[in-house]
1. Condition first: in contact (Cβ under 8 Å) with a residue 40 or more places away in the chain and open to solvent by less than 30 Å² (accessible area, probe 1.4 Å). Now tell me which residues in the stretch 42-63 satisfy that.
2. State which residue is least open to solvent (accessible area, probe 1.4 Å) when the search covers only the stretch 271-285 and only residues that are without any contact (Cβ under 8 Å) to a residue 60 or more places away in the chain and farther than 22 Å from ALA359 by Cβ.
3. Test ALA72 against the criterion of being surrounded by fewer than 22 Cβ atoms within 10 Å (Cβ to Cβ) and not basic (Lys, Arg), and give yes or no.
4. Name the one entry in LEU176, LEU225 that is under 24 Å from ASP272 (Cβ atoms) and either hydrophobic (A, V, I, L, M, F, W, C) or open to solvent by less than 40 Å² (accessible area, probe 1.4 Å) (or both).
5. Name the residues in the stretch 370-380 that are assigned to a helix (DSSP H, G or I), open to solvent by 50 Å² or more (accessible area, probe 1.4 Å) and either touching a helix residue (DSSP H, G or I) at 6+ places or on another chain (Cβ under 8 Å) or closer than 17 Å to LEU225 by Cα (or both), would you?
6. What number of residues within the stretch 320-335 are part of a loop (DSSP other than H, G, I, E, B) and in contact (Cβ under 8 Å) with a residue 24 or more places away in the chain?
7. From the list ALA206, ALA193, exactly one residue is in a helix (DSSP H, G or I) and open to solvent by 20 Å² or more (accessible area, probe 1.4 Å). Which is it?
8. Looking at (1) touching a helix residue (DSSP H, G or I) at 6+ places or on another chain (Cβ under 7 Å); (2) buried (at least 18 other Cβ atoms within 10 Å of the Cβ); (3) of a type outside the set (A, V, I, L, M), find the lone condition where THR338 falls short.
Amino acid sequence: MTLPTLIFGAFDRHNFGDLLFPHVAAALLPERRLIFAGLAERDMRPWGGHPVHAIAQLAGQWGDQAIRLLHAGGELLTCNAWDAALMLQPPAAAQVIIDRLDTRPSAKQAWTEGILGLPARAPYCVSPRLFPHAQRIVYCAVGGVELAESPDALRDEVIDDLRAANAVGVRDRLTLAHLRAAGLTARLMPDPAVMVAELFGPSIAAHASRGELADIRSGFPDGYLAVQLSADFGDDATLAAVADQLDRAAAANGFGIALFRAGAAPWHDDLDCLQRLAARLRTRPLALLDSLHLWDICALVAHSRAYCGSSLHGRIVAMAFGLPRISLLHPRQAGHPTKQAAFAATWEPPGHPGAVHVADIAGSLARALATDPAQRRHTAHEMAALYRQSFSALNP
């Protein structure tokens, strides 16, 4: 009898990359009995995701049985419990909770554990104590670029959980260095999203040909730049600078701009932020994708001339379709490790711009657009092949 495989990750909330991960795992494990798990029970199918079960409840059901547990990817190693619990709330409610509890440590901890049903400091690393009879525990293409800057107690818990795993794959060299410094062995592999063109190309093409996507595409006879910003870019000065740079890039290349959200969970993307950016842009044609459906987002990026945004997975989907791409960093991130910069430094070929600051948008897009299309396609195929190989090695 095939052991049940728990596919675990942050796909219990709306974030573009996290919604993709279980699709990739399911496509590569077609013969397995799969159960999709997160920190909360949620039905994400209206946005293209999966029905997700709460890991604490699954531990009660499966904790005394033989299972496989696969952490499906993402920046899991440095997400603390308080932030994880807040990201499961509606955005407006999250701010109310922060205002009420942030200065009350005991109440904050009690609320967090009540939401998650777990006492973990790093809840997206599943404690082996929850599933003591697990036959195999795997971390697949996870990230933790800020692990060295994390609180000692959280970092120690993460290292202990990773040490108990049967196999660990990480998606960037900075995370790999952190784990090696702690005496852990890990495999370097790309992010799961490098597989989207190979595995889901027909689904993405179908979404591109109907509804809102078809309307948007028909309005850009010379193509468009796919642009996304997280909510922290929403101050007036930053938005003005971004708009100026995007207008320059669009004018230099003759295309329009299509804005989209890559996540609706707290601290991800904010519709008001993009609307305010749109009001500052002079470029026409201009569109803002209303849909939050996973495959609509993929389709918008896949049919663009290039991608510019703060979402790592916007960049990786563009990579998978062989498109020019740049990752955008907020000015406050200067001097700090970021997952965008770490991924680009690990996997991008020489000459392709990586993570850039606001003042460098137009120049970096020009360099990205000048890269060799054949090289970009080669990189896309190479990343997909390497991910498939690595995934198979981790999940025999």
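1. If the condition is that a residue be in contact (Cβ under 8 Å) with a residue 40 or more places away in the chain and open to solvent by less than 30 Å² (accessible area, probe 1.4 Å), then GLY48, GLY49, VAL52, ALA54, ILE55, LEU58, ALA59, TRP62, GLY63 are the ones that fit.
2. Only one residue tops the list, namely LEU271.
3. In short, no.
4. Checking each option against the conditions leaves just LEU225.
5. PRO373
6. Qualifying residue count for the region: 5.
7. Residue meeting the stated conditions: ALA206.
8. Answer for THR338: the failing condition is (1).
The values are calculated or read from the model by the stated rules, or taken from the named source; none is laboratory data. No experiment lies behind these values; they were computed from the predicted model shown. For neighbour counting, all protein chains shown are included, and Cβ atoms are generated from backbone atoms with ideal geometry for every residue, glycine included. Please note that ligands, DNA and RNA were not included when accessible areas were found on the heavy atoms of the full protein model with its side chains. Shrake-Rupley method; radii C 1.70, N 1.55, O 1.52, S 1.80 Å.
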